[in-house]
Amino acid sequence: MTRATTPSKRQTKPAAAVAISPTPGADTVVADLRAVYATRRTRPLAWRLAQLDGLDRLLAEQEPAIAEAMAADLGRNAYDTWFGEIVGTKAEIDIARKNLKRWVRPQRRSLPLIQLPGSARVEFEPLGTVLIIGPWNYPVFLTLSPLVGAVAAGNTVVIKPSELAPKTSELLARILPQYVDGEAIRVVEGDGAGTQALLAQGFDHALFTGGTEIGKKIMEGAAKTLTPVTLELGGKSPVVILSDADLEVAARRILWVKLLNSGQTCIAPDYILVENSVKPAFIDALRKVLAELRAGEPDAQRIVNQRQFARLAGYLESTSGSVVTGGCTDAASISIEPTIIDEPAPTDAVMTEEIFGPILPVLGVANAEAAVAFVNSRPKPLAFYVFTRSRATADRLIRDVPSGGAVVNHVAMHCLVPSLPFGGVGASGMGTYHGRWGFETFSHRKAVLTKTQKPDLRLQYPPYSEFAKKLLRRVL
Ligand code: NAD
């Protein structure tokens with residue numbers, strides 16, 4: 001079924017693979033950062049805010065360099081890089097700068113009668129030295145926004161960007177020290193083996209963003225040093241379209257997000273379950289909107305590398321569904337046409353694996369309950385989307401489907417709301433970040449109880465009198 005095409009107009013040539021040279025000092029980076037942490041210089045609010053200011057300046061001044069690196073790594077245009085990398089990172093910086101003074105404040109807690117007199121509080125203590133491991137698909141947003149939480153919490157940090165976005169990895173390693181405390185925040189470049197070598201040094205926390213299979217290897221590596229992990233993983237994020245939905249609005253929102261970054265977005269709509277009664281009309285809407293959104297664009301979208309291209313081309317070749325539109329691939333420019341597949345078998349690779357490319361399967365379902373049953377028969381998704389006019393139905397579906405996050409009448413936008421936690425559940429991940437949640441992920445919640453030395457009632461200590469036992473049983 002896969003058809004060869006000639007490379008289309010304005011197609012970006014894939015960048016030649018760039019070998020990443022080992023980062024000097026990588027083998028002692030944790031010991032070095034622990035020494036910096038021990039000086040306590042990352043503790044004061046002023047240091048934390050200075051790092052956030054530095055990150056803000058980095059985004060403002062380096063946007064053109066970031067866009068250039070992203071064009072080479074992913075073939076992405078400058079506007080999409082601004083939207084995908086800068087907007088979300090800036091939102092994280094802004095909310096942290098605005099609220100950090102409040103976030104770091106210890107929280108008072110009430111005491112049970114027996115503990116009086118005294119006071120209790122929760123302190124947010126930095127964890128120490130933490131690791132952030134990034135993927136290639138949004139290599140700035142997905143390293144710098146966790147960094148916001150990590151520095152807001154007062155940690156020293158190692159960032160390990162993906163070797164599959166080599167220009168961006170090199171850029172981050174070069175420019176980050178110009179904007180932040182380069183002795184406390186280090187970039188170590190490298191691949192999977194390099195990441196495992198880092199993990200073997202032992203961290204106080206590691207936040208990983210990437211695929212579920214590599215996530216397991218991260219957890220294995222981290223277990224050897226009891227490094228706690230936050231895993232931001234992938235999976236298939238479904239969309240349910242009910243018969244009362246505005247089909248054209250749904251099609252426009254779904255395709256807009258699906259086609260960003262050539263579908264290589266963790267929370268991109270992966271497949272559609274649409275009520276049978278509106279399926280033909282919805283497919284017509286998808287066709288129409290796709291033509292509108294792609295007007296003046298190349299026919300096909302560039303995929304990150306040959307391996308991912310071959311994987312996606314294989315999905316197209318092996319599916320038993322019918323191609324509604326698109327379906328062409330071009331090996332020379334590793335590009336794939338935005339493709340809608342009607343009724344693939346649930347066992348087709350395109351329906352069992354995370355797609356992570358510009359391919360959108362559409363399946364008909366009898367009703368909302370059938371959609372819920374379909375989704376719940378599979379691993380828990382990172383995100384779940386519902387389009388309907390009925391608030392009550394949307395709420396019911398969201399309650400009935402366990403997922404990392406959920407959006408009603410749009411897709412993916414929850415990721416740009418920094419007051420919401422972001423993360424997966426089950427196979428789509430563990431732990432959350434963004435906004436205050438990022439600060440807490442990189443903090444230890446320390447329970448502190450302060451007692452007075454007097455009074456010191458003798459009756460609470462042994463040997464217990466019968467009266468003391470009775471009294472203590474009553475009050476404890
Ligand atoms: P990946 O898992 O291949 O790689 C991510 C990172 O892991 C890279 O830095 C890589 O160097 C490192 N790595 C690779 N092999 C390793 C190993 N054996 N041991 C230790 N580290 C290793 O992920 P990717 O291909 O860069 O990104 C795509 C995946 O990430 C998709 O599944 C996508 O859904 C997921 N993702 C999730 C989120 C999220 O926020 N939940 C965001 C973006 C991407």
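We did not get these values from a lab; they are worked out from the coordinates using the rules stated. Fair warning: this is a prediction, and the values are worked out from it, not measured in the lab. Because the Cβ atoms are built from the backbone with ideal geometry, glycine has one as well, and the counts that use them run over all protein chains shown.
Below is a table of values for the structure above.
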read-out	value
Simple Cβ-charge dipole of the chain, Lys/Arg +1 and Asp/Glu -1, about Cα centre, in debye nearest 20	2520 debye
Where labels lie 7 Å past Cα in the beta-carbon direction, separation of A223 and E61 in nm	4.5 nm
Sequence-distant residues sharing a close amide H with I133 (under 5 Å, placed H)	K160, L207, F208, T209
Footprinting exposure proxy for R109, R252 (fewest neighbouring C-beta atoms within 10 Å first)	R109, R252
Residue-span extension gain [S322 to W82] - 0.36 nm each, minus C-alpha spacing	82.9 nm
Debye log10 I(q)/I(0) at q = 0.15, 0.21 Å⁻¹ for the range 343-476, Cα point scatterers	-0.85, -1.37
Rounded to 5, percent antiparallel among DSSP beta bridges of the chain	35 percent
Proximal lysines to K469, defined as alpha-carbon separation beneath 29 angstrom and excluding residues fewer than eight positions away on the same chain	K451, K454
Dimensions (Å) - the range 52-107, Cα atoms, principal axes, largest first	47, 17, 15
Extension reserve of the S377-E68 stretch, reckoned as 0.36 nm per residue once the Cα distance is removed	107.0 nm
Whole-Hz couplings from phi, Karplus 6.51/-1.76/1.60, listed for the range 456-470; x for Gly and Pro	10, 4, 5, 5, 7, 9, x, x, 7, 6, 4, 4, 4, 4, 4
Spacing of the two label points (7 Å from each Cα toward its C-beta) at A370 and K216, in nm	3.3 nm
Per-residue ³J(HN,Hα) for the range 395-408, Karplus 6.51 cos²θ - 1.76 cosθ + 1.60, θ = phi - 60°, Hz, x for Gly and Pro	4, 5, 4, 5, 5, 7, 10, x, 7, x, x, 8, 9, 9
Calculated FRET efficiency for the pair R287/H444, C-beta based, R₀ 60 Å, to 0.05	0.70
Normalised contact order of the chain, rounded percent, pairs of Cα under 8 Å and 6 or more residues apart	20 percent
Most to least packed among 177-189, 129-141, 195-207, 259-271 [average Cβ atoms within 10 Å]	129-141, 259-271, 195-207, 177-189
Highest to lowest packing among 156-166, 364-374, scored as the average C-beta count within 10 Å	156-166, 364-374
For the range 249-264, 3J(HN,Hα) per residue [Karplus equation, 6.51 cos²θ - 1.76 cosθ + 1.60, θ = phi - 60°, Hz, x = Gly/Pro]	4, 4, 4, 5, 5, 5, 6, 4, 6, 4, 8, 4, 6, 6, x, 8
Residues K380, K279, K454 arranged by fewest to most Cβ contacts within 10 Å	K454, K380, K279
FRET efficiency estimate (nearest 0.05) - Cβ-Cβ, Q107 to A31, R0 41 angstrom	0.80
Principal axis dimensions, largest first and in whole angstrom, of the chain by Cα	88, 54, 38
Using a Förster distance of 35 Å, the FRET efficiency for D53-V249 (Cβ separation, nearest 0.05)	0.35
Gain in span if fully extended, R40 to A193, counting 0.36 nm per residue against the direct Cα distance	51.9 nm
The chain: calculated mean residue ellipticity at 222 nm from DSSP helix runs of at least 4, using -39500 (n - 2.57)	-12500 deg cm²/dmol
